[in-house]
Every structure is written in structure tokens, then in C-alpha cells.
Amino acid sequence: MKTPDFRSAFVAYIREQARPVDKFSHQPRLYELTRAIGAGQSYDDDVVFAAVWLHDLGVFVGHRPEEPEALAKWDFLGYALKQTPELLARFGFPARKIPAVVEAIRTHQPKDNPTTLEGIILRDADILEQLGAVTVLRTVCKIGRDTRFNTFPDALRVLHKNAETLPAQLKLPTSQLLAVPRLQLLQQFLEAAQVEGCT
């Protein structure tokens, strides 16, 4: 089956825009998670694909403010929601599906309650990215370059919160199964960090 041209356009655009460059790896990983979560279910993969690649546009350097005060108040989600329809149209995404992409992005955070299967799949996948080895890497690399993470204990507090609160927020049974080894690894890391005095 031929890949629609808009898919390669999304990937090329985000590869160019994702700064710092390590932020690019989130999207391909997240999309593979959505495929694993959605296996055997009937959902619109075009909608999920587009939402995966555009949901974090507002966190990239060049798309967000750099001044600490402005950054602390920055609505990264509002920015992504505003930019997404125009980008989808520019890349030739089917117009009738644009509202579904915007809705999936709007409800992708753990605090949200998506009402579409596409939104649930995206949200569950994004939660899984906040568990396991990946979340350790993503969080630790922010120390010193993100206003929320000045020290190791700052990062460890977020990781503890992830381990304690996120697994119960997963909606789909497949997501819950995928979370088990990730949560075990994260808990082992946190225990080791405490034993080694990183608190």
C-alpha cells in the first residue's frame, strides 16, 4: 500500500522543526505505540498519524517563547491547536478529517478525557511515553535546560509522580498491558536512585 504524501510531509516538517533535536524521536516512537495499542481495533490511522506528528509543535524551540517568564505561562497546546489546521491543509491532508485530528490533539494529555478512539489511542500512547526507560531519558536530558528541572531531585519528583499516577489513567486494556514492564523499570530506577543518594 502506498504511503500518502502527507505522511512524508509531516515527518519532514517535524524533523526540521523539532529542536532540540532529541525531541524528534518522540514522534516515531509514539506512532509505533499507537499501532501497538490500536492493533485489531477499527480507527482512522490517518487521524492518529497526523495527531502524533503535530501534537507537540508548541514545545519546539522556535515555536515557543524563550524568556523564562513567558515560557512558564506558555500554552503549548493552544499553539498546536491553532497551527494544526493550516499545516494539515498545506500538506494535503483530507479536509474532512481535520476536526478529528484537532480533537485528538486537544485531549491528548493525561488530565483529559478523549471521546474518540483516535484520541484515546493517542493519549494512552503519550502516557506510555512517560513511563519506562524513555521517560528517564526524556526527563534527565531536560535538567538545566528546562525551567522545571534545575536539579536531579526536580527530575526524580516528576518521575515519581508519573509512576504513582499515570498507569491508572490508561484507558485501553492493551495500553495497560504495555505499561507493566515500563512501570517496573521506572520503579527500579527510582529505587536505585534513592539507594545511591539522588534525592
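The values are calculated or read from the model by the stated rules, or taken from the named source; none is laboratory data. Here the structure is a predicted model, which means the values were calculated and not measured. As a convention, Cβ positions derive from the backbone with ideal geometry for all residues, glycine included, and neighbour counts pool all protein chains shown.
Taking the options 83, 27, name whichever one is surrounded by fewer than 18 Cβ atoms within 10 Å (Cβ to Cβ) and not aromatic (Phe, Trp, Tyr).
On the way: 27 fails: surrounded by fewer than 18 Cβ atoms within 10 Å (Cβ to Cβ).
That would be 83, the only listed residue that is surrounded by fewer than 18 Cβ atoms within 10 Å (Cβ to Cβ) and not aromatic (Phe, Trp, Tyr).
Among the residues of the range 67-89, which ones are out of contact with any Phe, Trp or Tyr (no Cβ under 8 Å at 6 or more places or on another chain), under 18 Å from residue 18 (Cβ atoms) and assigned to a helix (DSSP H, G or I)?
Initial filter on the range 67-89 (out of contact with any Phe, Trp or Tyr (no Cβ under 8 Å at 6 or more places or on another chain)): 67-86, 89.
Within this subset, residues satisfying the condition of being under 18 Å from residue 18 (Cβ atoms) are 71, 74, 76-77, 79-80, 83-84.
Selection gives 71, 76, 77, 79, 80, 83, 84.
Consider residue 18 carefully, then state whether it is surrounded by 17 or more Cβ atoms within 10 Å (Cβ to Cβ) and either in the same structural domain as residue 96 (by TED's automatic domain parsing) or within 24 Å of residue 110 (Cβ to Cβ) (or both).
Against the criterion (surrounded by 17 or more Cβ atoms within 10 Å (Cβ to Cβ) and either in the same structural domain as residue 96 (by TED's automatic domain parsing) or within 24 Å of residue 110 (Cβ to Cβ) (or both)), residue 18 qualifies.
In the range 127-149, how many residues are more than 17 Å from residue 193 (Cα to Cα), surrounded by fewer than 20 Cβ atoms within 10 Å (Cβ to Cβ) and not basic (Lys, Arg)?
Residues in the range 127-149 being more than 17 Å from residue 193 (Cα to Cα), surrounded by fewer than 20 Cβ atoms within 10 Å (Cβ to Cβ) and not basic (Lys, Arg): 4 in total.
Filter the range 146-161 down to residues that are over 14 Å from residue 191 (Cα atoms) and either in contact with a Leu (Cβ under 7 Å, 6 or more places away or on another chain) or outside any helix (DSSP H, G or I) (or both), then give me how many there are.
Going through the range 146-161 one residue at a time, the tally reaches 6.
Could you pull out the residue among 147, 174, 151, 199 that is over 25 Å from residue 74 (Cβ atoms), outside the structural domain of residue 97 (by TED's automatic domain parsing) and at pLDDT below 90?
Details: 147 fails: over 25 Å from residue 74 (Cβ atoms); 174 fails: at pLDDT below 90; 151 fails: over 25 Å from residue 74 (Cβ atoms).
Just one listed residue meets the conditions, 199.
What number of residues in the range 91-132 are of a type in the set (Lys, Arg) and within 15 Å of the chain's Cα centre (by Cα)?
Step one: of the range 91-132, the residues of a type in the set (Lys, Arg) are 96-97, 106, 111, 123.
When the remaining residues are screened for being within 15 Å of the chain's Cα centre (by Cα), the result is 106, 111, 123.
Residues in the range 91-132 being of a type in the set (Lys, Arg) and within 15 Å of the chain's Cα centre (by Cα): 3 in total.
Search the range 53-75 for residues that are at pLDDT 80 or above and pair each with any residue that is polar (S, T, N, Q) and surrounded by fewer than 18 Cβ atoms within 10 Å (Cβ to Cβ) when their beta-carbon atoms are under 6 Å apart and the residues are at least 6 apart or on different chains.
Within 6 Å, the pairs are 57/83; 60/17.
Kindly check whether there is at least one residue in the range 61-76 that is crowded, with 18+ Cβ neighbours inside 10 Å and in the same structural domain as residue 6 (by TED's automatic domain parsing). Show your work before the answer.
We begin by selecting, within the range 61-76, every residue crowded, with 18+ Cβ neighbours inside 10 Å; these are none.
No, every residue in the range 61-76 fails to be crowded, with 18+ Cβ neighbours inside 10 Å and in the same structural domain as residue 6 (by TED's automatic domain parsing).
When the range 13-52 is examined, which residues are found to be part of a helix (DSSP H, G or I) and touching a Ser or Thr at 6+ places or on another chain (Cβ under 9 Å)? Step through it out loud before you land on a result.
Going residue by residue through the range 13-52, those that are part of a helix (DSSP H, G or I) are 13-17, 21-38, 45-52.
Answer for the range 13-52, where residues must be part of a helix (DSSP H, G or I) and touching a Ser or Thr at 6+ places or on another chain (Cβ under 9 Å): 33, 36, 37, 38, 45, 47, 48, 49, 50, 51, 52.
Looking at residue 135 and the list (1) under 17 Å from the mean Cα position of the chain (by Cα); (2) hydroxyl-bearing (Ser, Thr, Tyr); (3) at pLDDT 95 or above, which single condition is not satisfied?
Residue 135 satisfies every listed condition except (3).
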